[in-house]
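Visitor: Before I ask anything, let me first share the structure, which is written out below as structure tokens.
Each value in this text was obtained by applying a stated rule to the coordinates, not by laboratory testing. Just so it is clear, the structure is predicted and the values come from calculations on it, not from any experiment. Don't worry about glycine lacking a Cβ; one is built from the backbone with ideal geometry, like all the others, and counts go over all protein chains shown.
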Amino acid sequence: MTTRVVVIGDCNTDVVVRIDGPHHDRSDTRAAISVHPGGAATNQAVALAAAGATVALVAAVGDDLPGRLAKTELEARGVEPYLQQLRGASGVVVAIVERDGQRSMLTDRGANLGLDPAFLAELPWSDFSHCHLSGYTLLDATTRAAGLAALDLARRHGCSTSVDPSSAGPLREVGAAAFLEWTAGCTYLFANEDEAAVLASDADPERQLDRLAASYGEVVLTYGPRGSAVAVGPSRFGAAAPSIAVVDSTGAGDAHTGAYLAARLLGAPVPQALDAAARAAAAVLQHPGAQLEGYSRE
């Protein structure tokens, strides 16, 4: 069984800075620095492909070297690229990873800000059965029209839909009510604990599931080392997180989202999808960079 998924969002270059010693303000700090393909939507598309889904990524890139290389890199990972190439620089994220594996990010969305609703309208929507929208597209006013157009086009062409809020800070700025209005009725919602707290206006996991299940068909919440929880109507499911040494937490949530979504769209029950998602997230946590290493459709 196959499913055809279109993922819409950012395509970036990730510069990962792993702090190797004490931080020295206004001086030198030891670090290991590496460069990787990235972007939340791109990471999710790679995870979907590795889990067996047939996947296309829609994003805007610049006419610089990263933008020209993006097509080749995506195809090597089993993702069909639909890239709008614009003048200027592609998106770049600098992820600063502390010694405990937690990270903060400096983001320049670059060409991602130019994603055009007209470009989305020209996609072969009849080829797709599911549309996943990365929430960054909705959270930024510059690309919001494109995000809303994507959900509208998907629904008009009979696709199921999923969305993730992407980041608690910008989500808080636009407001939970607005995001819920834009995305209510999506088949799936994926959120981490901070994003869920904003959307549900509550820090309690059980109440988060109850409140968000009123707006979405299936709610998948992740709580880092405390595992994950799912609501499907009145049914509740949970899974523990594997006990591992964390090298870099960048992209682990994206891998969880992609692997879970692929499993569910391919017909797996929730517990099996949660297991696949936990394994994919753990694989990302154990190496620098935000994507699953290599490409494997097992």
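Visitor: Expected output is a single nm value to one decimal: the length gained when fully extending between SER201 and ARG144, i.e. 0.36 nm times separation in residues minus the C-alpha distance. What is it?
Guide: Full-extension gain reported as 18.2 nm.
Visitor: Same structure again: Tell me the label only: which of [x] 68, 39, 36; [y] 53, 42, 40; [z] 52, 41, 37 is Cα extents along the principal axes in Å as calculated from this structure?
Guide: [y]
Visitor: Continuing with this model, one more query. Short version: ³J(HN,Hα) in whole Hz for each residue of segment 58-73, in order, from phi by Karplus 6.51 cos²θ - 1.76 cosθ + 1.60 (θ = phi - 60°), x for Gly and Pro, what are they?
Guide: Result, rounded to whole Hz: 10, 7, 10, 10, x, 8, 8, 4, x, x, 6, 7, 4, 4, 5, 5.
Visitor: Among LEU120, SER160, THR222, which residue has its Cα positioned farthest towards the positive end of the charge dipole of the chain, with +1 placed on the Cβ of Lys and Arg, -1 on the Cβ of Asp and Glu, and the dipole taken about the Cα centre?
Guide: Among LEU120, SER160, THR222, the one farthest towards the positive end of the dipole of the chain is SER160.
Visitor: Restricting to the chain, what percent of DSSP beta bridges are antiparallel, rounded to 5?
Guide: 40 percent
Visitor: Oh, and also: R0 = 41 Å: FRET efficiency of ALA118 with ARG30, Cβ-based, nearest 0.05?
Guide: According to the calculation, E is roughly 0.30.
Visitor: Show the residues, 5+ positions off or on another chain, whose built amide H is closer than 5 Å to the amide H of ALA60.
Guide: CYS11, GLN84
Visitor: In whole Hz, with x marking every Gly and Pro, tabulate ³J(HN,Hα) for segment 133-143 from phi via Karplus 6.51 cos²θ - 1.76 cosθ + 1.60, θ = phi - 60°.
Guide: 10, 6, x, 3, 5, 7, 6, 9, 4, 5, 10
Visitor: A further question follows. Test of the criteria: in segment 1-108, which GluC sites (Glu not before Pro) are in a DSSP loop and have at most 15 other Cβ atoms within 10 angstrom of their Cβ?
Guide: GLU98
Visitor: Under a GNM of the chain (C-alpha, springs under 10 Å), which listed residue has the highest mean-square fluctuation: ALA145, ALA273, ALA255?
Guide: ALA145
Visitor: Hey, with R₀ at 30 Å, roughly what FRET efficiency would TYR223 and ASP63 work out to, going by the Cβ-Cβ distance, to 0.05?
Guide: E(calc), rounded to 0.05, equals 0.15.
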